[in-house]
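Notes follow once the structure below has been shown.
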Amino acid sequence: MKTQVAIIGGGPSGLLLSQLLDRQGIANVVLEKHTRDYVLARIRAGVLEHGFTDLMREAGVAERMDREGEVHEGFYIANAGERRRVDLHALTGGSSVIVYGQTEVTRDLYDGRDRMQGIVVHEAEDVQPHGMETAQPFVTYRKNGEALRVDCDFIVGCDGYHGVSRASIPADRIRTYERVYPFGWLGVLSHTRPVSPELIYARHARGFALCSLRSQVLSRYYVQVPLTDRVQDWSDDRFWDELRRRLPAEVAAQLQTGPSVEKSIAPLRSFVAEPMRYGKLFLAGDAAHIVPPTGARGLNSAASDVYYLYHAFLAHYQQGDASGLDAYSDKALARVWKGQRFSWWLTQLLHSFPDQSAYDQHMQQVELDYLFSSQHALASLAENYVGLPY
Ligand code: RFL
Ligand code: PHB
């Protein structure tokens, strides 16, 4: 096969870039390791910022998101039995977020690719980028036992944290920064009415908890757990009991419980790889950076990479201007690091750490007291949560 841009990974980053490029007549191929059903079964993000939703509209795949996604103008932070609202709309001069699951985003992107007869190869095995430092890069893979090759102008690695793209860059050409947290999030999806119409982020001595949702009949809840816990340690009953204990009493009393339809544990990690380019290979999304989910920045940071890269490819192919591609890594990383800062700060503020001293606990408490006593501090939280400008 011959194409202009070979995209490794068919998650939200790869599919969104593919869809945007195709609509501008830039040929591309997506190589995805897993089946479509597998990709769609992963339950992940739920909160989308404006930059992301605008990009979905530009990609022509926003119709269902605009119809079914819920606009949220605020969320709550609970602490010591008390719940206080962060009024995103008032604090940002009219901004908000959209609650719409990553699963639905991915489904809409697949439908968009189908409508345009885009090439998305599933179950592509042993995908490997080559010749990144030459004028003729290419990607090899196997499908149904057959060895195949895609020749291209550029390769984009959208293959997530465990992908092959970043791993193919020589160690002396990439630097990584990492912080691993000593806990994970146990998440449960259930066909129950959400306990609150808006998200609740709860700090508690027993550990953090989050009440989120996918719709008014589908709830998504998380509790902080030690990394040693396994999903099978957590019966539904144990999960609901623990969640109730970490919520303010009046919220816990309202909690509707039911069988879980999905239950999984995600470790928390902060990670950045620099630069996000090696010759003809560009990295985007989780392939280059990871945040703990606390600030709802992961998918949104992936979308800003896609935005910068998409515009850089447009300038290259439509005006013969390579400056956007040359500036991509620096531009994307400047915003990525701000997302890292926000996610690290909110994680630090709301979780209990195993080695936390009484002093550290006081610091969390006073930080929250200060936050809700200062419109400036609240406005800073709000502007980060709805997404910094591109
Ligand atoms: P993905 O989604 O990991 O997709 C990468 C794709 O590449 C494929 N792949 C390969 N394909 C070919 N060859 C290989 N060698 C390959 N290796 C891997 C994989 O099968 C996969 O399909 O990365 P992408 O597209 O960059 O998207 C990133 C987002 O998925 C991620 O940032 C978010 O889910 C993070 N996240 C959240 N982000 C938000 O913005 N808002 C949220 O509310 C939010 N909540 C969350 C989250 C992540 C969570 N977990 C599970 C860590 C909540 C949780 C619990
Ligand atoms: C989710 O609904 O899965 C979700 C929402 C907000 C977060 C993280 C996850 O900060």
Per the C-alpha gyration tensor (a ≥ b ≥ c, the square roots of its eigenvalues), region 337-390 is rounded if a/c is under 1.5, else prolate if a/b beats b/c, else oblate; here it's oblate
Nearest 10 degrees, 0 to 90: helix 102-115 Cα axis against the chain principal axis = 30
Net charge contributed by nearby residues that have their C-beta within less than 9 Å of residue 78 (K/R +1, D/E -1) | +3
Around residue 273: net Lys/Arg minus Asp/Glu count, Cβ-Cβ under 9 Å = +1
Run down the lysines and flag those whose C-alpha is under 20 Å from the C-alpha of residue 331, throwing out any fewer than 8 positions away in its chain.
-> 280
Shape call for region 284-390, from the Cα gyration tensor axes a ≥ b ≥ c (a/c under 1.5 means rounded, otherwise prolate when a/b beats b/c, else oblate), comes out prolate
Measuring from the longest principal axis of the C-alpha atoms of the chain, the long axis of helix 236-246 (C-alpha) lies at a number of degrees, nearest 10, equal to 60
Listing 116, 132 by rising number of other beta-carbon atoms within 10 angstrom, fewest first, gives 116, 132
Could you work out how far apart the two model spin labels at residue 71 and residue 337 are, taking each label as a point 7 Å from the Cα in the direction of the beta carbon, and quote it in nm?
-> 3.5
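Suppose we keep just the DSSP beta bridges with both residues in the chain; what percent of those would be antiparallel, to 5?
Numbers: 54 of 73 bridges.
Of all bridge pairs located within the chain, approximately 75 percent are antiparallel.
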Could you let me know the centre-to-centre spacing of region 101-163 and region 207-238, using Cα atoms, in angstrom?
-> 33
Any chance you could give the angle, 0 to 90 degrees and rounded to 10, that helix 12-23 forms with the longest Cα principal axis of the chain?
-> 50
Per-residue Cβ neighbour rank within 10 angstrom, fewest leading, 242, 58 = 58, 242
What lysines sit close enough to residue 33 to cross-link, taking a C-alpha to C-alpha distance under 21 Å and skipping anything fewer than 8 places away on the same chain?
-> 2, 143
Kindly put 349, 227 in sequence by how many other C-beta atoms sit within 10 Å of each C-beta, fewest to most.
-> 227, 349
Compute the signed sum of charges (Lys and Arg +1, Asp and Glu -1) over the other residues within less than 9 Å, Cβ to Cβ, of residue 98.
-> -3
Quickly work out the residue 311-to-residue 238 label distance, labels modelled 7 Å from Cα along the C-beta direction, and quote it in nm with one decimal.
-> 4.9
Using Cα positions and a limit of under 20 Å, work out the lysines in reach of residue 263, with same-chain residues fewer than 8 apart set aside.
-> none
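A short reminder: the numbers here are calculations on the coordinates, not readings from a lab. Worth saying up front: this structure is predicted, and the values here are computed from it rather than measured. Backbone-built Cβ (ideal geometry, glycine too); neighbour counts: all protein chains shown.
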